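Taking it in order: structure first as structure tokens, then the write-up.
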């Protein structure tokens, strides 16, 4: 006998969507800062392979962050379309 699962409240849904958006923004900012740092390090000494690998990894991090930000914004738009633009916000 299984219990029916309740849908999270609108506030909880909004918080989860905002968390996804904030994590994507954090990923973009963090990866951009480190990408810039490794670009400076490569400008000073381009012969080290690990620096180039780091540049690629953090460049990919920026790309993933942008992709996740777009997904989060789309999900927030769908949520607001279903429940209204102020749904889940606390005043």
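Coordinate-derived values only; no laboratory data. Every value quoted in this text rests on a predicted model; they were computed, and no experiment measured them.
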>> Taking the 0 to 90 degree range and rounding to the nearest ten, how far is the long axis of helix 49-83 tilted relative to the main principal axis of the chain, both from C-alpha atoms?
In response: 20
> Taking only Cα atoms, what is the 0 to 90° angle, nearest 10, from helix 10-44's long axis to the longest principal axis of the chain?
Replying inline: 0
> Whole-Å semi-axes of the chain's equivalent ellipsoid, largest first, each the root of 5 times a Cα gyration tensor eigenvalue?
Replying inline: 40, 14, 10
> Any idea what Rg and Dmax come out to for the stretch 1-53 if you just take the C-alpha atoms, in Å?
Replying inline: 20.8, 66
>> With a 10 Å cut-off between alpha carbons and a GNM built on the chain, which of 17, 44, 55 moves the most?
In response: 44
>> Could you compute how fast the stretch 46-88 diffuses translationally, taking Rh as the Kirkwood radius over C-alpha pairs and applying Stokes-Einstein at 10 °C with viscosity 1.306 mPa s? Give it in µm² per second.
In response: 125
